[in-house]
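Read the structure below first, then the notes.
Laboratory data are not the source of any read-out in this text; all were calculated from the coordinates shown. Fair warning: this is a prediction, and the values are worked out from it, not measured in the lab. All Cβ positions, glycine included, derive from the backbone under ideal geometry; neighbour counts span all protein chains shown.
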Amino acid sequence: VITKVNAIMTDRVLRHEVETNGTIRPLAEFDALIEHYNCSPKTASSGNNPYTTVLKDSPRASFKFVVGTEEHCEEALREIERQGLDRARCMLMVLGTTAEEMIQRSPLVADFCAKHGLRLCLRLQCIIWGRKRGV
């Protein structure tokens, strides 16, 4: 079925990205269709056991850690180091679902990112619409 879809859509430009925690290696047929993987490794502070993403060596993957405190930032940095992730492909996303939460936590996370060579990610939909769904 995938080859039929590709054959039919050759006149369009399609970009396929996958959001994943990075624990399962994609099948070769699926991987060939994906331009980028947005990996969101989970840390112990989020209630998960440590694991290593199987996509850590893929040049088509970036890595996003959700953080809200200095301790979260430090834990994310330890995971980046433990897994040997390229800092240029790692970002810290500010934890929050409202503009107030994001604004309150952003300076700390932004300073940490600047100090450690990481990218900053904000959830703009939360700043603009708060907890509203479907936007």
- Item | Cβ-defined net charge surrounding SER58, 15 Å radius [Lys, Arg +1; Asp, Glu -1] | -1
- When only C-alpha pairs under 8 Å and at least 6 residues apart count, what is the relative contact order of the chain, in percent? 17 percent
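How large is the Kirkwood hydrodynamic radius of the stretch 48-94, counting all unique pairs of alpha carbons, in Å?
Computed over the stretch 48-94, the radius equals 11.0 Å.
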- Query: So what are the chain's ellipsoid semi-axes, whole angstrom, largest first, if each one is the square root of 5 times an eigenvalue of the alpha-carbon gyration tensor?
  - Reply: 29, 20, 13
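What does the helix-only formula give at 222 nm for the chain: each DSSP H stretch with n ≥ 4 adding -39500 (n - 2.57), the total divided by the residues, and the result rounded to the nearest 500 deg cm²/dmol? Intermediate results must be reported in sequence, preceding the final value.
On the way: 5 runs with 49 residues, N = 135.
Taken over the chain, the calculation gives -10500 deg cm²/dmol.
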- Query: Which whole-number percent of Cα pairs in the stretch 24-81 have a distance greater than 12 Å?
  - Reply: 69 percent
